[in-house]
Structures are given as structure tokens and as C-alpha cells.
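Accompanying notes for the structure given below.
The values are calculated or read from the model by the stated rules, or taken from the named source; none is laboratory data. Just so we're clear, the structure is a prediction, and the values are computed from it rather than from any experiment. Methodologically, a virtual Cβ is constructed for each residue, glycine included, from the backbone with ideal geometry; neighbour enumeration extends over all protein chains shown. Surface areas here come from the heavy atoms of the whole protein model, side chains and all, with no ligands, DNA or RNA. Shrake-Rupley method; radii C 1.70, N 1.55, O 1.52, S 1.80 Å.
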Amino acid sequence: MTANRPVTGIICCTRTVGVEAAQAVINRYVTGPLQYSDCAALLVPSLPGLMRASEVASRLDGLLLTGSPSNMDPALYGQAIGDAPGPFDPDRDSMTRDMIKAMADLGRPVFGICRGFQEINVAFGGSLRRDMAESPDLLAHHSPEGVGFNEMFDHEHDVNLTEGGLLARAFGATSARVNSVHYQGVDRLGEGMTVEARAPDGVVEAVSADLSGAPLLAVQWHPEWRTGANPQSITYFELFGRALRGEALQS
């Protein structure tokens with residue numbers, strides 16, 4: 001965008017502040033790209049009844065879909081809510097779906113973190129499973145109940161990076177140690193998704209895709225958490241900065 005830095009959109013969540021609804025983004029999801037992607041940012045409200053994704057997408061160089069305390073509505077991937085755990089954020093579900101499509105139509109990059117990773121998978125026709133913390137067939141993908149907030153992010157496991165993949169090449173490694181703070185994750189992989197990383201139990205932890213010539217890259221873990229202490233987290237946001245500038249990521 002001329003001599004200025006590129007601008008990323010960062011999706012908002014619907015939160016409650018006091019007794020009122022608010023459009024909000026946790027600071028670390030903003031400071032990560034501002035510092036390490038070397039970009040400017042605009043917050044994208046999740047208010048689909050009052051604005052259209054197409055009105056916003058054309059003004060952005062890329063989009064970051066953040067993590068969130070909320071879960072996606074299971075109806076979006078063909079399952080009944082039943083006893084699915086909330087909270088839910090239907091306005092974010094709707095706005096994110098429309099923003100992914102709008103950015104894909106324009107060929108502009110989309111990166112995702114945690115919930116954003118799940119949103120991307122569902123947008124491409126995939127589904128989620130909701131037993132990541134308690135299934136006897138899986139690693140514990142979330143810390144035990146009752147730990148403190150900081151200690152929750154201390155819960156980690158290794159991921160195996162796909163040989164020759166975007167992340168393996170960018171990290172210069174075959175594996176990575178990542179934090180694991182999610183109750184939900186990929187069940188059926190979305191159409192056109194390339195697996196970039198898996199946990200040792202086989203769970204997909206990162207994906208990439210092509211959006212009409214622009215890169216899509218999403219991870220289940222949280223590179224925005226204490227980014228400066230983790231070189232691979234820094235690299236994730238550096239990749240985003242390159243994508244915002246229209247650079248090829250596979251070179």
C-alpha cells in the first residue's frame with residue numbers, strides 16, 4: 001500500500017464488558033503482528049447484520065483470525081449442538097466465514113490461530129471434534145482443570161512438521177514444541193488443506209492452502225503467547241508479514 005506498511009484485519013470477538021456487549025481483541029493478538037509482521041492493523045467487528053465482509057476485505061492486505069474463549073456452533077459442520085460446550089459467538093462465526101470467502105475471492109492472505117485455525121478448517125468443509133482434553137485415544141491437548149492462566153499456556157507437546165512443508169522449511173526443523181490450549185480440533189480435514197504439522201497422536205496441528213495465489217496458514221497453538229521468547233513463534237509472524245507484502249512463502 002504505497003510507502004506505508006501493509007494493513008492486516010484482525011477479527012473481533014463478542015465479549016461482555018460490565019453489562020454491555022463489546023467488540024474486543026486481546027492485546028497479544030494485536031501486538032504479535034504489529035511487532036513481528038511489521039504491519040499496521042485494523043480491527044474487524046463481528047457485526048454481520050450491520051456490515052458486509054466485502055466492504056472491509058478490499059481495504060486490507062490480509063486477515064488474522066485469532067483465538068477466543070468461544071467455540072464454533074457445531075451446526076456449522078453438520079452436527080447438533082446437544083451438549084456441546086460453549087460459550088458460542090454466532091456473529092463471529094458468520095463474519096469470519098464471510099471474511100475468509102471475501103479474502104479468498106481477492107487472493108489475499110489469511111492466517112489463523114487456535115479458533116481461527118478451526119474456523120478455516122470448517123470454512124473449507126471440514127469438521128471438528130470436541131474431546132481433545134479427555135479422549136483416552138489422544139494426548140491431553142489442554143491443561144488439567146484448576147491451573148492458573150499462565151500455567152495453562154505451559155501445557156505443551158511436540159508436533160511433527162511435514163517434510164518439505166512451509167513450516168518445516170521456515171523453521172528449519174522437523175519438529176516443534178508448542179503450547180496446547182484447546183478443547184476442540186480437526187476431525188475431518190477441509191478440502192484443499194495441506195497438513196503442515198501433526199501431534200504425535202495424529203491430530204492435525206497446522207494447515208496451509210492457496211487462496212487464489214495468496215497463502216493461507218493456520219496453527220492450532222498460540223504463537224502470540226510470549227512471542228519474543230520463541231524463535232518459531234517470531235517466524236510465524238514474519239511469514240505473515242511476508243504474505244501481507246505479496247511475497248512467496250515457499251521460496
statement: Among beta bridges assigned by DSSP with both residues in segment 1-152, the antiparallel ones amount in percent, to the nearest 5, to 30
message: Per residue, how big is the convex hull of segment 56-165 when only Cα atoms are used? Give it in Å³.
response: 154
task: For segment 164-251, go through all pairs of different Cα atoms, get the mean of 1/r, take its inverse, and jot down that Kirkwood value in Å.
output: 13.7
query: Given a 1.4 Å probe and the protein chains all in place, what does the accessible area of V17 round to, in Å² to the nearest 10?
result: 90
- line: Residues whose built amide H sits under 5 Å from the amide H of N71, excluding neighbours closer than 5 in sequence, are F88, D89
- request: Note down the relative contact order for the chain as a percent, whole number, built from C-alpha pairs under 8 angstrom at least six residues apart.
  value: 21
- request: Tally up the carbon and sulfur contribution to the accessible surface of segment 143-182 as a whole percent, 1.4 Å probe, everything protein left in place.
  value: 45
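If packing is taken as the average number of other Cβ atoms within 10 Å across a peptide's residues, how do 59-68, 189-198 rank, most packed first? Don't skip to the end; give the middle numbers.
Numbers: 59-68: 24.0, 189-198: 17.3.
Per-residue Cβ counts within 10 Å, averaged per peptide and sorted highest first, yield 59-68, 189-198.
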Charge dipole magnitude, Cβ of K and R +1, D and E -1 - the chain, Cα centre, debye nearest 20: 740
message: Under the 0.36 nm per residue contour assumption, what length would be gained going from the current alpha-carbon distance of Q35 and T194 to full extension?
response: 54.5 nm
- prompt: So which GluC sites (Glu not before Pro) in segment 139-169 pass both tests, a DSSP loop state and at most 15 other Cβ atoms within 10 Å of the Cβ?
  reply: E145, E163
task: Return the FRET efficiency for the residue pair D137, A248: r is the Cβ-Cβ distance, R0 is 30 Å, and the value is rounded to the nearest 0.05.
output: 0.20
query: What number, in nm² with one decimal, is the all-direction average of the projected area of the convex hull of the alpha-carbon atoms of the chain?
result: 13.6
- request: With θ set to phi - 60°, apply the Karplus curve 6.51 cos²θ - 1.76 cosθ + 1.60 along segment 86-94 and write out the HN-Hα couplings as whole Hz, x wherever there is a Gly or Pro.
  value: x, x, 10, 9, x, 5, 5, 3, 5
message: With a 1.4 Å probe and all protein chains left in place, how much accessible area per residue does the chain have, in Å²?
response: 45
Coarse-grained scattering of segment 100-171 at q = 0.14 Å⁻¹, given as base-10 log I(q)/I(0) from a Debye sum over alpha-carbon atoms: -0.69
- request: Give the Rg (one decimal place) followed by the Dmax (whole number) of segment 4-78, computed from C-alpha coordinates and expressed in Å.
  value: 13.6, 43
- prompt: How large is the helix-only mean residue ellipticity at 222 nm for the chain, computed as the sum of -39500 (n - 2.57) over DSSP H runs with n ≥ 4, divided by its residue count, in deg cm²/dmol to the nearest 500?
  reply: -7500 deg cm²/dmol
query: Amide H of V44: which non-local residues (sequence gap of 5 or more, or other chain) have their own amide H closer than 5 Å, using H built in the peptide plane?
result: I10, I11, C12
